[in-house]
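Report on the structure given below.
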Amino acid sequence: MSTLRLLWVSFRVGVMGELAYRVNFVVQLFQSIVGLGTALAGLAVVFAYTDTLGGWQADEVVALVGVYILVGGVIGAVIQPSMEEFIESVREGTLDYVLTKPEDAQLLVSIQEVDIWELIDIVVGFGVLVVALARLDERVGVAQAGSFALMLLAGGAIVYSFWLILATLSFWFVRVENILVIFQSMYEAGRWPISLYPGWLRFGLTFLVPVAFAVTVPAEALTGRLDGTSLWGALGLAGVLLVVSRLLWRTGIRRYSGASA
Amino acid sequence: MRALLELYVQQFKTSFATMLQYRASLVIWLIGQVLEPVIYLIVWSTVARASGDQVGGFTSADFAAYFLVLMIVNHVTYTWIMYEFEYRVREGGLSPVLLRPVHPIHNDVADNLTSKMVSLPGMLLTAIGLGLIFRPDFRVVPWAIVAFIPSLALAFVVRFLVEWSLALAAFWTTRVGALNQMYFVLMLFLSGQMAPLSLMPAWIQVTASALPFRWMVAFPIELLLGRLTPAEALIGFGAQAIWIAVGLGLVRIVWRAGVRTYSAVGA
C-alpha cells in the first residue's frame with residue numbers, strides 16, 4: 001500500500017517538475033508516434049514478402065511490438081531514471097538523504113524518479129496491443145489473458161531485479177552505467193520474435209540481458225505459444241532474482257560509507 | 001595546405017588520446033552498429049528460407065552478404081556529429097572553436113577518421129566472425145570491387161556533409177532530438193539499412209535515389225555485391241559528385257547563418 005502511495009508521490013513530483021516544460025509533451029508524443037510508425041512500416045515491408053515470420057502471423061508480431069513498446073515505456077518511465085539517479089547519488093554521496101528517510105531504502109531508490117513523458121509509450125504500447133488483439137480475437141481466451149498478465153509481472157520483476165543488481169554494483173565499482181546502456185541497445189532485438197535468432201543470440205538475450213523475459217515471453221503467453229516450462233521458468237527466475245537483488249542490496253548498503261558526509 | 005596537414009596530425013593525436021579514455025562508450029556504439037544489421041539479416045534470411053530461399057532476387061546467403069557489407073559501409077560512413085553539436089551550442093563549447101583560424105569542420109573530419117582507424121579493424125574481425133556463422137555468398141565482379149573503394153570514400157563525404165549541415169540545426173533549436181529521430185527513420189528506410197532498396201516499394205526507391213540517402217550507404221554495397229551494371233555504377237558516381245557539391249554549398253550557407261545566430265549560451 002505504501003509502495004503505491006510513494007509511487008504516486010514520485011509521479012506527482014515528476015508532473016510538477018515537468019509541467020514547466022509542456023512542449024516536451026508534444027515532442028515526446030511526436031517521437032512515440034514516429035517510433036510506432038517506423039515499427040509498423042518495417043513490419044509492412046517484411047510481411048509484403050511472407051505470411052508468417054518464424055511461425056508468427058503479422059498481427060501476432062504487431063502484438064509483440066505492442067508489448068515491446070509497453071515494457072519499454074515502463075522501463076523508461078520508472079526503472080531507468082530511478083536507477084540512473086541512484087548510481088549518480090552513490091557517486092555524489094547524496095544517497096545519505098534517502099537512507100535517513102523512514103521507509104525502505106530499496107523501495108525509495110527504485111521509484112524515486114518518474115519520467116512522466118515516457119508514460120506516453122505505455123499508453124501507445126497498450127493501444128497497439130488492444131488493436132492487435134481485436135484482430136486476433138478468436139484465439140485470446142481468459143487463460144491466455146491471465147498468463148499474459150502473470151508473465152508481464154514476472155518479466156517486469158526480472159527486468160527490475162536485473163537493473164537493481166547492476167546498479168547496486170555501483171557500491172563497489174563507480175562506473176557501471178555503461179552496462180545499462182548496453183541493455184538499452186540489446187533491447188532493440190526484442191522487437192522481433194526471439195525464436196528467429198540463432199541459439200547463441202537467443203541465449204544472450206535470455207540470460208545475459210533478460211529481453212526474452214521482458215517482451216517475448218509475455219507475447220508468447222498472449223498468443224498461446226507458451227509452454228509450462230517457460231511459464232514456471234519465468235516465475236522461478238523472477239523469484240530468485242528478486243531475492244538475489246535484495247540480498248545484494250543489503251550487502252551493498254552496508255558497504256556504503258557516504259562519500260560526501 | 002601544410003598548416004592544414006599539421007592540424008590534422010595534431011587532431012589525430014588529440015582524438016586518439018580522448019578515445020583511449022572513453023573506450024567503453026566506443027564499444028557501446030559498436031554494439032548497436034553490429035546488432036541492428038544482424039537482426040535484419042536474420043529476419044530477411046528467415047523470410048527467404050520460408051519462400052524457397054528466394055526473395056526478390058536474394059537468397060538467404062545473399063542477405064547475409066548484403067547485411068555484413070552494410071555493417072562495414074555503415075560503420076565507415078557514420079558520424080556522431082548530430083548528437084554532439086547540440087551539446088556544443090548549449091554548453092558554449094563552440095566559442096573557442098570560433099576563434100581558430102580554420103573552419104571547424106576540419107577538426108570533426110580528423111576526429112571521425114581517427115575513431116574509424118581504431119574501430120574499423122575490430123568491425124572487420126566482427127564481420128568475418130559473423131560471416132563464419134551466417135555463410136554469406138559473394139559474387140566476385142573484379143571491376144566492381146575496384147570501384148567499391150572510391151564509392152565508399154565518396155559515400156563517406158556525402159554523409160558527412162549532410163549530417164554536419166543537419167547538426168547545425170542546433171543553432172536554432174535546443175530540441176534536436178526529434179529532428180535526429182526523423183533523420184534516422186529516413187536513413188533506416190531510404191539508405192538500405194532495413195532492407196536492400198530493391199525490395200522496397202517503387203516510390204521509396206525513387207525517393208531514395210532522388211535524395212542523397214541511397215548514395216550514402218546503399219550504393220557502395222550494391223556495387224561490391226555485383227548488383228549494378230557499369231552504366232548504373234557511373235550514374236551512382238555522378239549522383240555522389242552532385243551531392244558532394246550540394247553538400248559543400250549547404251555547409252557553407254548553413255554555417256554562416258548559424259554562426260550569426262549563435263550567442264554562446266552558458267559561456
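Taking Cα atoms only, the orientation of helix A:142-168 departs from the longest principal axis of chain A by about 40 degrees. Enter the Cα centre distance for the pair region A:95-114 and region B:69-120, rounded to the nearest angstrom. Taking the Cα centre of region B:69-120 as reference, the centre of region A:95-114 is 40 Å away.
Just order A:187-195, A:216-224, B:156-164 by mean Cβ neighbour count inside 10 Å, highest at the front, would you? Before the final figure, lay out each step's value.
Details: A:187-195: 20.8, A:216-224: 25.8, B:156-164: 22.7.
Packing proxy ranking, top to bottom: A:216-224, B:156-164, A:187-195.
The mean number of partner chain beta-carbon atoms within 10 angstrom of a residue's beta-carbon across peptide B:38-51 is 5. Between 0 and 90 degrees, the angle of helix B:23-50 with respect to the longest Cα principal axis of chain B falls at about 30 degrees.
Shielding value for B:178-189 is 3, the average number of Cβ atoms from other chains within 10 Å of each residue's Cβ.
Over region A:1-145, the reciprocal of the mean inverse Cα-Cα separation, the Kirkwood hydrodynamic radius, stands at 17.5 Å.
Using only alpha-carbon positions in region A:70-176, the gyration tensor eigenvalues give semi-axes of 34, 14, 12 Å once each is multiplied by 5 and square-rooted (largest first).
Output the peptides A:117-126, B:99-108, B:114-123, B:69-78 sorted from most to least packed, where packing is the average of other Cβ atoms within 10 Å over each peptide's residues.
Numbers: A:117-126: 19.4, B:99-108: 13.3, B:114-123: 15.6, B:69-78: 22.2.
Put in order of decreasing packing, that is B:69-78, A:117-126, B:114-123, B:99-108.
Looking at the protein assembly as shown, the pairs of alpha carbons with a distance over 44 Å make up 20% of the total. Scalar couplings 3J(HN,Hα) for region B:206-216, obtained by applying the Karplus form with A = 6.51, B = -1.76, C = 1.60 to θ = phi - 60°, are 5, 4, 5, 7, 6, 9, x, 4, 4, 7, 8 Hz; x denotes Gly and Pro. Derived scalar couplings between HN and Hα for region B:234-243 equal 5, 4, x, 4, x, 4, 4, 4, 4, 5 Hz in order, rounded to whole Hz, by the Karplus curve 6.51 cos²θ - 1.76 cosθ + 1.60 (θ = phi - 60°), x for Gly and Pro.
What separates the Cα centres of region A:181-247 and region B:151-178 is a distance of 37 Å. Taken one residue at a time, the phi angles of region A:216-221 give Karplus couplings (6.51, -1.76, 1.60, θ = phi - 60°) of 5, 4, x, 5, 5, 4 Hz. Gly and Pro are set to x.
Counting pairwise Cα distances across region B:111-267, what percent come out greater than 28 angstrom? Can you show the working numbers first?
Details: 3652 of 12246 pairs.
Of all Cα-Cα pairs in region B:111-267, 30 percent lie more than 28 Å apart.
Histogrammed with a bin width of 10 Å, the alpha carbon distances of region B:146-211 distribute as 18, 40, 33, 8, 0 percent, first bin at zero. Here the peptides B:47-54, A:53-60 are ranked by packing, the mean other Cβ count within 10 Å, and the order with the highest first is A:53-60, B:47-54. Across region B:2-261, Cα pairs under 8 Å and at least six residues apart give a relative contact order of 25 percent. In a solvent-free Debye calculation with one equal scatterer on each Cα, what is log10 I(q)/I(0) for region B:2-261 at q = 0.07, 0.09, 0.11 Å⁻¹, listed in the order of the q values? Scattering profile of region B:2-261, log10 relative to I(0): -0.26, -0.43, -0.64.
Throughout, read-outs are computed from the coordinates displayed, never taken from laboratory work. Since the structure is predicted, the reported quantities are computational estimates derived from the model, not experimental observations. Note that we place each Cβ from the backbone using ideal geometry, even for glycine, and neighbour counts take in every protein chain shown.
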